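No lab work stands behind these numbers, since they all come straight from the coordinates. Just so it is clear, the structure is predicted and the values come from calculations on it, not from any experiment. Note: ideal-geometry Cβ built from the backbone for every residue, glycine included; neighbour counts use all protein chains shown.
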Amino acid sequence: MERVRVYARAEPRHKIRIIKAWQEKGKVVAMTGDGVNDAPALKRADIGVAVGSGTDVARESSDLVLLDDSFSTLVNAVEEGRVILDNLRKAITYAMTNSFAEVLIVGTSTFLGWPLPILAVQILWNNIVEDSIPNIAYAFEPKEKNIMKRPPHPKNIPLLTKEMKVLIFGTSLIYNALGILLFFMIWKILAMPIEYARTMVFGFIVINTAFVVFSYKSLRRNIWQYPLLSNRILVAAAIMVIAFFATAIYTETIRTLLHTVPLGVYSWCVLIVLNILTVGLVELTKLFFIRRNSIDQ
């Protein structure tokens, strides 16, 4: 049955049987029609699409009405749906990774009996001010290459895919390890003020947002395989993230609120190098999953 590409001279009862047969195989079935005899099949299909010039019965039985009578509109709609789903998953992966990393950093320090590497008010600033800007920018991410050459998704595929879970948990562990190591080196080894150590951890998490946001432009390809600056709004969002962090450490009122201290050039260089390292580790995580997945296929 799955080799059949064309059904000809099908009667209404045959259309119902065809739809049921495909649905029993777990497929999502779309049905187009314009006449009264198409109404039962339009109703039975997962998505019934009536053409605008069709009968009133066909239009009332369908889920969608194709006003321009052009089937190319259906192709465009599927493509746009895939783009929306892709961008939604990118935003979810990005947001959940940052939030989970913060939980791990706080939880690890509590377990070790250390002072908190990052304060609650700093986490709130990061989640509300810093994270929200790139999340909005992902809505304007252009479609990925060959998006229409992908096979259809299974009917019951979850919103959180395997690759998303690998990235969320794998990269969160990377953030946690580097954040805890940074705090330990500054607070314990170098014996510097804890306010400075917390500001550095806060800066690591925030600036990480501006760097790693480009790694999530694609969950299936590495950063060198797609145009990095194709989304100008995302680039602007990354710049704004760094600008807001600078405001948080150089504006006296906000600095008092967030318990931060000003950072010098050397501290900025340390944060930039750490975040470049983070991006590299994230890309290695993606590469591992991509290669393993290609072998499995």
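What is the local net charge at I16, summed over the other residues whose Cβ is closer than 13 Å to its Cβ (Lys, Arg +1; Asp, Glu -1)?
Details: positive: R13, K15, R17, K20, K43, R44; negative: E11, E24, D38.
The answer is +3.
Once the cut-off is 19 Å, how many percent of the Cα-Cα pairs in segment 81-239 end up in the long-distance tail?
57 percent
Pop out the ³J(HN,Hα) list for segment 189-202 in order, Karplus 6.51 cos²θ - 1.76 cosθ + 1.60 with θ = phi - 60°, rounded to Hz; leave Gly and Pro as x.
My calculation for segment 189-202 gives 6, 7, 6, 8, x, 5, 5, 5, 4, 5, 5, 5, 5, 4 Hz in order.
Quick check: residue separation of E60 and Y250 times 0.36 nm, minus the Cα distance between them. What number comes out in nm?
Length difference between fully extended and current span is 62.2 nm.
So how much slack lies between E2 and Q225, counting 0.36 nm per residue of separation and subtracting their Cα-Cα distance, in nm?
76.9 nm
Mind listing the phi-derived Karplus ³J(HN,Hα) values for segment 119-128, rounded to whole Hz, using 6.51, -1.76 and 1.60 with θ = phi - 60°, and x for any glycine or proline?
Karplus values, whole Hz, x for Gly and Pro: 8, 4, 5, 6, 5, 4, 4, 5, 6, 7.
Rounded, prolate or oblate, given the Cα gyration tensor of segment 163-241, with a/c below 1.5 counting as rounded? Please report the intermediate quantities before stating the final value.
Details: a/c = 3.54, a/b = 1.78, b/c = 1.99.
It is oblate, given that a/c is not under 1.5 and a/b is not larger than b/c.
Considering only C-alpha atoms, what is the centroid distance from segment 169-194 to segment 141-162, in Å?
36 Å
Give the shape of segment 21-152 as rounded, prolate or oblate, defined through the alpha-carbon gyration tensor: a ≥ b ≥ c are the square roots of its eigenvalues, a/c under 1.5 means rounded, and otherwise the shape is prolate if a/b is larger than b/c and oblate if not.
prolate
Could you state the number of Å between the C-alpha centres of segment 267-289 and segment 19-39?
Here the two parts' Cα centres lie 49 Å apart.
Is any residue of segment 26-53 close enough, with backbone N under 19 Å, to a label point placed 7 angstrom from the Cα of R13 along the Cα-Cβ axis, and if so, which?
Inside the label zone: 36-45.
Please report, in whole Å³, the volume per residue of the convex hull around the C-alpha atoms of the chain.
So the per-residue hull volume is 170 Å³.
Go through segment 45-51 residue by residue and turn each phi into a ³J(HN,Hα) via Karplus (6.51, -1.76, 1.60, θ = phi - 60°); whole Hz please, and just put x for glycine and proline.
Result, ordered by residue: 5, 5, 9, x, 10, 9, 6 Hz.
Within segment 233-267, find all residues whose amide N lies under 13 Å from a label point positioned 7 Å from the Cα of I128 along Cα-to-beta-carbon.
257-258
Obtain the nm distance between the two label points defined at R232 and I189 by a simple spin-label model: each point lies 7 Å from its Cα along the Cα-to-C-beta direction.
4.4 nm
Based on the alpha-carbon gyration tensor of segment 22-88 and its eigenvalue square roots a ≥ b ≥ c, which shape applies: rounded if a/c is under 1.5, prolate if not and a/b is larger than b/c, or oblate?
oblate
Would you mind calculating the gained length between Q23 and T161 on full extension (0.36 nm times residue separation, minus the Cα-Cα distance), in nm to one decimal? Walk me through the numbers on the way to the answer.
Details: separation 138, 0.36 × 138 = 49.68 nm, distance 2.27 nm.
Computed gain between Q23 and T161 is 47.4 nm.
Give the residue list of chymotrypsin sites (Phe, Trp or Tyr not before Pro) in segment 70-141 that are DSSP loop and have at most 16 other beta-carbon atoms within 10 angstrom.
Filter output for segment 70-141: F71.
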